[in-house]
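Remarks on the structure that follows.
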Amino acid sequence: MQRIGDAPRTRRLLIGLAVALSVLFLLLPLIAIFAQAFAEGVAIFWNNLSDEYTLAAIGLTLLVTALTIPVNLVFGVFLAWLVTRFEFPGRRLLQTLIDIPFAVSPVVAGLVYLLLYGSSGWVGSWLDGYDIQLMFAWPGIVLVTIFVTCPFVARELIPLMQAQGAGEEEAAVTLGASGWTIFRRVTLPNIKWALLYGVILTNARAVGEFGAVSVVSGSIRGETNTLPLHVELLYQDYNTVGAFTAAALLALIALFTLAAKAGLEWRATRREQFR
Amino acid sequence: MSIRLTNIAKTFGRTTALEPLDLNIADGELVGLLGPSGSGKTTLLRIIAGLEQPDRSRTSSIHFGERDVTNVHVRDRRIGFVFQHYALFRHMSVFDNIAFGLTALPRRERPSASEIRTRVNRLLEMVRLEEFAKRYPAQLSGGQQQRVSLARALALKPDVLLLDEPFGALDAKVRQELRRWLRHLHDELGFTSVFVTHDQEEALELSDRVVVMSNGRIEQIDEPDTLYRHPANRFVFEFLGDVNRLEGNVQDGELTCGEARLSVDLPDGHQELLMRPHELKLLEAQSPHSRLPVTVTSASPIGAEVWVELVADWLSEPWLATVRHADFERLHIKRGQRLFVEPRRWHRFGNAETHDQEVEIIS
């Protein structure tokens with residue numbers, strides 16, 4: 001029996017179309033980024049890269065990511081554990097709340113944080129009394145990045161932990177293991193790949209987040225400028241090559257992340273086959 | 001170690017899983033909790049383990065021997081628990097699974113690595129899995145996994161071994177084998193065991209005493225033999241084996257149901273009689289006591305006795321009878337044959353509430 005698309009001609013046409021579209025929409029822009037970055041030669045590329053403000057933007061982006069990942073790692077594991085291992089009123093609601101950052105536009109998230117934590121906001125004005133400024137400073141960027149990326153780890157873990165059930169943990173507790181021992185020796189080994197996957201996604205988003213960050217950052221060069229914001233600033237300064245240099249850097253991080261993700265997936269399927 | 005439950009109840013939200021109950025299990029006893037799904041047997045087992053908390057009440061308590069464990073956490077109750085689906089640590093080898101309890105002990109109580117190795121090897125030998133020490137759970141058959149799970153539960157030498165439908169997920173032959181092996185192990189090591197099952201045969205074969213449960217209540221606690229011969233009520237009777245039902249009106253010592261007649265020593269009125277398959281005798285002609293004409297619809301001569309299915313216009317559901325192979329051959333029983341049934345014995349229970357029981361023997 002023939003399925004639709006089984007005729008060699010149809011199949012070649014469909015595959016060809018898919019490849020063409022992928023090249024046009026995905027690969028070409030990527031190549032363009034690197035082509036633009038190196039348009040005026042390697043020396044200029046290096047020059048742009050070692051620019052004081054670009055370096056500061058790289059530093060800030062790395063700082064924000066480095067702070068966001070551990071927070072969301074702990075928070076995500078805790079949330080997934082709570083939702084999958086306990087029955088309590090409001091459990092469903094909590095599961096829905098986890099998705100809010102996905103549902104809300106990042107710009108709106110940024111604005112809400114600005115209203116709450118800005119110097120005239122509810123929390124912000126109180127903090128202002130202690131001379132603590134969150135908005136238009138790096139802590140604000142970290143806060144909104146955490147908000148935007150907080151579902152990634154939990155979303156990866158919840159279905160897995162639901163599927164695995166609490167059986168092994170119950171077995172461990174009947175064998176006298178303490179809570180920490182159970183987490184370290186039973187729970188964590190079972191979720192480690194999903195956890196790593198969640199971290200990779202968190203990382204990708206934390207590095208690339210633009211909307212929410214642009215609202216709360218104020219884009220002060222060398223101070224509150226992250227890499228994605230820096231790309232925009234340079235572009236507006238008509239420094240196209242500089243903008244694309246920063247963009248190439250972002251693209252590189254993204255590619256690296258994708259490779260790590262593909263590696264994990266490959267490993268996961270191999271483990272499946274082995275079982 | 002004996003187990004004593006006093007006034008234990010459990011409700012989940014608005015549903016009652018267990019009505020207040022008492023249960024005493026003697027030291028070294030092997031007790032089966034038997035009941036249909038939803039009867040509360042697993043909840044009861046999990047409460048004994050401490051995996052589930054009973055409803056709070058001043059009078060409720062759980063004792064292991066003299067030790068009051070009502071408020072003792074699972075990890076400190078010193079129980080071994082065997083799960084229905086094994087719950088082996090999937091990322092650990094068989095050896096590490098069995099060693100888990102020992103390696104999870106606080107440092108000052110933990111045996112040395114070499115002693116752990118010796119003990120785990122001894123357990124592996126006991127469950128006959130020496131060659132499988134380095135395998136992972138996914139590489140073992142169901143029966144092997146359940147044996148690992150048992151060895152793991154026994155590694156800490158628990159006083160009480162609790163098993164939740166331990167053989168439920170295994171095929172009939174393996175189940176049979178593991179049952180005998182568990183009984184043997186129990187007798188050898190002398191721990192107190194409680195296991196949950198919905199399989200009557202398993203409960204009756206394996207247990208010293210059986211606790212029959214339904215709807216969160218204990219219906220009867222007795223030795224298998226007593227349970228089968230003297231069921232406390234209709235539920236127990238029906239749950240423990242196949243039942244043939246005869247309903248009809250009694251007048252002047254004769255029960256009538258359509259064309260069927262049976263002499264009974266009962267007051268006038270509507271009556272329901274219950275009979276086990278082995279309590280039915282098959283005859284070629286009617287007897288002075290009874291006229292219960294039936295037609296054979298199938299006969300299965302596999303096993304120690306022949307199972308015969310019988311139908312009749314006066315029966316709402318078919319009857320099952322067991323006959324000896326000799327009788328089977330003598331009567332030339334085949335499909336479509338007309339025969340007469342004579343009950344050797346029948347049972348009658350009052351309303352479910354009154355727990356009234358009556359056994360009569362004719363002839």
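Computed from the coordinates by the stated procedures, all read-outs in this text should not be read as laboratory data. All values derive from a computational prediction rather than experimental measurement. Heads up, the Cβs are rebuilt from the backbone with ideal geometry, glycines too, and the neighbour counts pull from every protein chain shown.
Each other residue within a Cβ distance under 12 Å of B:Val196 adds +1 if Lys or Arg and -1 if Asp or Glu, for a net charge of -2. Express as a percent, rounded to the nearest 5, the fraction of DSSP beta bridges in the protein assembly as shown (both residues included) that run antiparallel. Bridges in the protein assembly as shown that DSSP calls antiparallel: roughly 75 percent. Counting only residues at least eight positions apart within a chain, or on another chain, the aspartates and glutamates with an alpha carbon under 12 Å from that of A:Lys192 are A:Glu156.
Nothing charged except the Cβ atoms of Lys and Arg (+1) and of Asp and Glu (-1): what's the magnitude of the dipole of chain B about its Cα centre? Round to the nearest 20 debye.
The dipole of chain B has a size of about 2040 debye.
Among A:Leu252, A:Leu93, A:Leu82, the largest mean-square fluctuation in a Gaussian network model of chain A, built with springs joining Cα atoms closer than 10 Å, belongs to A:Leu93.
For region A:53-183, the alpha carbon convex hull comes to 159 Å³ per residue, rounded to a whole number. Using every Cα-Cα pair within region A:72-274, state what percent have a distance larger than 27 Å. Result: 45 percent of Cα pairs exceed 27 Å.
For chain A, the membrane-span-like helices by this rule, meaning whole DSSP H stretches whose C-alpha atoms cover at least 15 Å of axis and whose Kyte-Doolittle mean is 0.5 or above, are A:8-22, A:52-85, A:106-117, A:138-149, A:188-208, A:240-274; this says nothing about an actual membrane.
Ignoring the sites themselves, what is the longest stretch of chain A with no GluC sites (Glu not before Pro) in a DSSP loop and at most 15 other beta-carbon atoms within 10 Å? Mind dumping the intermediate values first?
Details: sites that count: A:Glu40, A:Glu87, A:Glu223.
Within chain A, the longest run free of exposed GluC sites (Glu not before Pro) spans A:88-222.
Per residue, the convex hull around the alpha carbon atoms of chain B comes to 177 Å³. Cross-link partners for B:Lys157 among the lysines, with Cα-Cα distance under 24 Å and sequence neighbours closer than 8 places in the same chain left out: B:Lys134.
Neighbours of B:Glu223, meaning other residues whose beta-carbon lies under 14 angstrom from its beta-carbon, give a summed charge of -3 when Lys and Arg score +1 and Asp and Glu score -1. Between region A:17-34 and region A:235-270, the C-alpha centres lie 14 angstrom from each other. Each listed q (0.11 Å⁻¹) maps to a log10 I(q)/I(0) for the protein assembly as shown from the Debye sum over equal C-alpha point scatterers, namely -1.13.
Within the straight-line cut-off of under 25 Å between alpha carbons, the lysines reachable from B:Lys281 are B:Lys334, sequence neighbours fewer than 8 places apart in one chain being disregarded.
Each of B:Ser112, B:Ser193 has some number of other Cβ atoms within 10 Å of its Cβ, and from fewest to most they run B:Ser112, B:Ser193. Look at B:Lys41, B:Lys157 and count the other Cβ atoms within 10 Å of each Cβ; fewest to most, that gives B:Lys157, B:Lys41.
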